[in-house]
Amino acid sequence: MVKRESIVEYKVEPIGLIHSCYREKFGIPRQPGLVKSAQGAIEVLPPCDREEMFKELDSFSHIWLQFLFHEAVSDGWRPTVRPPWLGGQKRVGLFASRSPHRPNFLGLSVVRYRGLRKEKGKLFLDISELDLLDGTPILDIKPYVPYSDRLEGATSGFVQFAEKQVVVTFASEAESACQQYQKISGRDLKTLIREVLEQDPRPASQRHKQREYGMLLWEMNVRWLAEENSFTVLSVQEEGRD
Ligand code: SAM
């Protein structure tokens, strides 16, 4: 039997930091792979910023990321949670959930790997389809290996894939702001907004109310009106501008 005293304490240090289109928690999809146009990069930190450590990684389309839910730590955790999949009504055990609020605040996501890049002496791994907040500390990176990671016949209990039922439209001002932003940055902000809203980021308790919301994607503030299952993007403005 393992004695608790024999377990050695071990300090974990981040090997990288995430740069993400998601600049705040609200709006981030509940899992990776759901928003195809979500983009980001891992800035690899010393002593791991050596290209040799990533040799052959470009032969993999996807990578596993282990990370710290750094913005959940100050809120602590509870033994049971109310997952959004159950409409926020029913409690399940924390370990039957993917909640960020857990004893070691560790997260696990599989994301698309886009390749390695060097910029101003720093090493970056470009990724997409992520579900991570900007600034998230990365603790480890491993290749996704379909032959063993893809499990035929796996079941997922109460977590069911939600059909997209949300209709997203853009006010003309918001649409031209997206076009303008794309000209300057090269980023397809309109598609990102649409895909994020199609995941319906509202808390389950607010799904039947008409309400205006704001979220930050890249450096742009996006305001949208939710009416049942129809969302209208009202404005897209640079952060800090009224
Ligand atoms: N795929 C991961 C997992 O299963 O461990 C994350 C799933 S968790 C349900 C996804 C949510 O975590 C996102 O919607 C976002 O609100 C939140 N999140 C992402 N990065 C975070 C961070 N660094 N700190 C706190 N919360 C974060």
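The values are calculated or read from the model by the stated rules, or taken from the named source; none is laboratory data. None of the values given here were measured: they were computed from a predicted structure. Glycine also receives a Cβ, built like all others from the backbone with ideal geometry; neighbour counts cover every protein chain displayed. Accessible surface is based on the protein model in full, side chains and every heavy atom, while ligands, DNA and RNA are left aside. Shrake-Rupley method; radii C 1.70, N 1.55, O 1.52, S 1.80 Å.
A compact table of results
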| quantity | calculated |
| --- | --- |
| Qualifying positions in the range 100-128 - open to solvent by less than 20 Å² (accessible area, probe 1.4 Å) and closer than 14 Å to Q31 by Cα | G107, S109, V111, S128 |
| Residue match in the range 148-166 (condition: more than 23 Å from S97 (Cα to Cα), more than 16 Å from the ligand (Cβ to nearest atom) and in a loop (DSSP other than H, G, I, E, B)) | yes |
| Of all residues making up the range 55-71, the number that are out of contact with any Gly (no Cβ under 9 Å at 6 or more places or on another chain) and within 11 Å of the ligand (Cβ to nearest atom) | 1 |
| Tally, over the range 17-54, of residues that are of a type in the set (K, R) and away from the ligand (no atom under 12 Å from the Cβ) | 2 |
| Where a residue in the range 11-31 is touching a residue at least 12 places away in the same chain (Cβ under 8 Å) and its partner, wherever it lies, is of a type in the set (K, R) and within 13 Å of the ligand (Cβ to nearest atom), with Cβ under 8 Å and at least six apart | R30/R98; Q31/R98 |
| Breaking point among (1) outside any loop (DSSP other than H, G, I, E, B); (2) among the basic types (K, R); (3) touching a residue at least 60 places away in the same chain (Cβ under 8 Å), for R194 | (3) |
| Pairs, first modelled with pLDDT of 95 or more and aromatic (F, W, Y) in the range 94-105, second part of a loop (DSSP other than H, G, I, E, B) and open to solvent by less than 40 Å² (accessible area, probe 1.4 Å), C-beta under 7 Å, six or more apart | F105/A72 |
| Checklist (1) modelled with pLDDT of 95 or more; (2) on the phi > 0 side of the Ramachandran plot applied to L133, failing item | (2) |
| Unmet criterion (only one of (1) under 18 Å from S37 (Cα atoms); (2) at pLDDT 95 or above) for A171 | (1) |
| Tally of residues being farther than 19 Å from Q31 by Cβ, touching a strand residue (DSSP E or B) at 6+ places or on another chain (Cβ under 6 Å) and in a strand (DSSP E or B) across the range 197-237 | 19 |
| Lone unmet requirement of (1) open to solvent by 50 Å² or more (accessible area, probe 1.4 Å); (2) outside the structural domain of I18 (by TED's automatic domain parsing); (3) closer than 30 Å to V81 by Cβ; (4) in contact (Cβ under 8 Å) with a residue 24 or more places away in the chain for E227 | (4) |
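Conditions tested, residue by residue: (1) in contact with a strand residue (DSSP E or B) (Cβ under 6 Å, 6 or more places away or on another chain); (2) under 22 Å from C21 (Cβ atoms).
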position	(1), (2)
H62	yes, yes
P84	no, yes
Y113	yes, yes
K142	yes, no
